[in-house]
1. Which order do the peptides A:221-232, B:15-26 take when ranked by the mean count of other beta-carbon atoms within 10 Å per residue, highest first?
2. Could you order peptides A:45-52, A:93-100, A:69-76 by the average number of other Cβ atoms within 10 Å of their residues, highest first?
3. Just tell me which lysines come within less than 28 Å, Cα to Cα, of B:Lys24; anything on the same chain fewer than 8 places away is out.
4. Assign one of three labels to the stretch A:196-333, namely rounded, prolate or oblate, based on the Cα gyration tensor with a ≥ b ≥ c the square roots of its eigenvalues; rounded applies when a/c is under 1.5, prolate when it is not and a/b is larger than b/c, and oblate otherwise.
5. Compute the length gained on full extension between A:Arg370 and A:Asp91: take 0.36 nm times their separation in residues and subtract their Cα-Cα distance, giving the result in nm to one decimal.
6. Report the charge-dipole magnitude of the stretch A:237-278 in Debye, nearest 20, computed about the Cα centre from +1 at each Lys and Arg Cβ and -1 at each Asp and Glu Cβ.
7. Can you list the residues, at least 5 places off or on another chain, whose amide H is less than 5 Å from the amide H of A:Gly147, using H built in the peptide plane?
8. Is the C-alpha gyration tensor of the stretch A:130-219 telling us rounded, prolate or oblate? Criteria: a/c under 1.5 is rounded; beyond that, a/b larger than b/c is prolate, otherwise oblate.
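FYI, it's all coordinate maths here, none of it is from the lab. Since this is a predicted model, take the numbers as computed values, not measurements. FYI the Cβ positions are ideal-geometry reconstructions off the backbone, even for glycines, and counts take in every protein chain you see.
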Amino acid sequence: MPSFHGGRGINRVLAGVERQRALEDARSLPAIEIDRDMVMDVESIAFGIFSPLTGFLGKDDLQSVVEHGRLANDVPWTIPIVLDLDADQIDRIKGKERAALVYQGAPVAILDIEDVYSFDKDEAAVNVYGTDDIKHPGVAKTIAMNGTLVSGPISLLAEMETPFKRYALKPIETRVLFKEKGWRTVVAFQTRNVPHIGHEYLQKTALTFADGLFINPLIGKKKPGDFLDEVIVRSYEALIENYYLKAKAVMAVLQTEMRYAGPREAIHHAIMRKNFGCTHFIVGRDHAGVGSYYDPFAAQKIFDDYPDIGIVPVFFNSFFYCTKCGSVSNEKTCPHDDSYRIGFSGTKIRQILADGGEPPAEVMRPEVTRALLEEEELFVEGHG
Amino acid sequence: MNTTSEENKFTSVSIPAPLFNKIKDRIAGTGFTSVSSYVAYILREVLAETPETGTEPFDKEDEERVKDRLRSLGYLD
C-alpha cells in the first residue's frame, strides 16, 4: 500500500477533551462563514484526503502550485486549496492568531492563522485551468474571488451531515479495509456519471490485473446537467449488486467539489486516491474536462510530468459496443467500421433518460436503467 | 543585490561537461526543453523509487475501532 502523499498522513480531527475545549474557544474567536464546498475542503484536509496539507496553502506553496504544479517542497500538487476572505472577514481577523470557520451558524473548524496575503487571480486561473475564458466554471469562480487569502492549519470540530454517511469513508478506513481484504493492489475509479457498459468494461479490465476495485464517485457541487449525487450512488449500487464480486469491488463516495480543471484535476484526483491507499488510478478520455477546453488525452499526458506521484496511472481510450464482435471493444481490438459500433455517449444517454426512455441493453445494464427511472430527478438544477 | 523570487526557485548542480553534452544530444526531439528539465525529471523518478517514509496517522486501537465501523457498514464480514 502506498504511503500517504508526501510521506505524511494527516489527521486534523479533534476529539474528546481537546475538541470540547476547542468548541468553547470557538465561541470567542472571530468567525469566518464558509460555504458547503469549503466545508468539504476542510474535511478533506482533516481526514487526510488532501495529505500532506494540514490547512490552507500559504503564499509560497500557492505560487509554486500555480507555477509548477508542486508544493514549495517539490511534492506534486496541482490544485490551489485556499480560503478567500472578503473585506469584513479581513477586518475581523486582523491581529488575531485564530479564527473559527463556521457553516450555517455552527463552528466547523479552528483555523490557526499563519498569513493573510493577496494573489494574482488571472495567473492562477490561466495556469490551473489552462484558459482565461470566463465561461469556464473554474476560471469564473477564481476571477469572482475577493483575492485575499488566509493560510494556516485547521482542526476539525464537527463533521458535516451527509445523506451518504454509509459510503463516506476516510483514508484511515479505506486503508484498513484494503488491508483486511488482502488487497495489495487497488485500482481506483473516479466518476461523476452513472455507469454505462463501457465504464463497467473498463473497471473489470483493470480488475484483471489488480486485487481490488475502488469505485469512488465524486459527491459535491457539479454543473447544471450533471447527474445528481444520489442518482450516481443508486445507479452504482444497482450495478455492484448485480454484476460485481463483493470480494473484489467496493464503493465509497468522495465528497469534494468538481473543479473541471482537466489535466491538473486528474493529478489531484490521483493524489486523493493514493491517500485512500490505492496503488493504481484509472484515467479515461477527457478526465475532469468540461466543454472543449482540453485535449481529450491531456489528462493522461500530464502524468509524464509527475514520475514521482506515487500512484500508477492506468490509461484507457474510449470503448464502444460492436454489434459484429458482439462485445465491448475499442480501436485496438475491433476491426469493424462505424456502422457496427454503438458509442457510449454520456450526452446521448442523458438525453434518452431525460426523455423518459431506456438506453439499449448494449449501452446500459437494465438494472441500472431501472434504478435511474425510479428517481424523481436525475440532473443538477433540473436540467435535462 | 535583490534576488527575484524566480532565482530562489532554482539552483545549480554541477555535472561533467561530457555528460551534459550526452544528455543534450539524447533529449533532442523529445518533449524535454532543456538538460535541466531532463535531469530534474530523472532525479524525481529516482527519488520516487525509494518509498516515502512516514507514519500512519492511526494506531492499533484506531484500527480496531475502524474495523468495527467497517463491519457495521457492511464493508467487512
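1. Those peptides, ordered most packed to least, come out A:221-232, B:15-26.
2. A:45-52, A:69-76, A:93-100
3. Straight-line reach from B:Lys24, under 28 Å: A:Lys301, B:Lys9.
4. Rounded is the answer for the stretch A:196-333, as its axis ratio a/c remains below 1.5.
5. 95.1 nm
6. With Lys and Arg at +1 and Asp and Glu at -1, about 220 debye.
7. A:Leu85
8. oblate
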